[in-house]
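The values are calculated or read from the model by the stated rules, or taken from the named source; none is laboratory data. Owing to the predicted nature of the structure, the values given are computational and were not obtained by experimental measurement. Positions of Cβ are generated from backbone atoms using ideal geometry, with glycine treated the same way; all protein chains shown enter the neighbour counts.
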Amino acid sequence: MTPSSLSAQTSAQTGSSLEQEASRILVGNPYLPANYRLDVCEASGGLRLSGTVDSYFHKQMAQESLRDLPGVKRIENLLEVLS
């Protein structure tokens, strides 16, 4: 599966419906700055997050915003903190 890249300007138009829903949730999260480029891909019954964020708070907020998404059994958070 190909990862779905997202930013505030665009949401994923390709990938699974789970990836698209996860991208929509991340773009709409008020705790995540609009300039982040995050990748979401479906992996092993869950989601894999990758990309870069500015703080551990943002890394955790990205993960927590997807926790209750139907069909997600696990979240592999590979977000890199730059600061």
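Observations on the model:
- Flag for Leu38 being modelled with pLDDT of 90 or more and surrounded by 11 or more Cβ atoms within 10 Å (Cβ to Cβ): yes
- Meets criteria (crowded, with 18+ Cβ neighbours inside 10 Å and at pLDDT below 95) for Ser5: yes
- Scanning region 20-35 for residues that are surrounded by fewer than 18 Cβ atoms within 10 Å (Cβ to Cβ), within 22 Å of Leu82 (Cβ to Cβ) and out of contact with any His (no Cβ under 9 Å at 6 or more places or on another chain) yields a count of 4.
- Criterion applied to Ser44, Ser65, Ser55, Ser50 was being surrounded by fewer than 13 Cβ atoms within 10 Å (Cβ to Cβ), in contact (Cβ under 8 Å) with a residue 12 or more places away in the chain and either on the phi < 0 side of the Ramachandran plot or touching a strand residue (DSSP E or B) at 6+ places or on another chain (Cβ under 7 Å) (or both), and the one residue passing it is Ser55.
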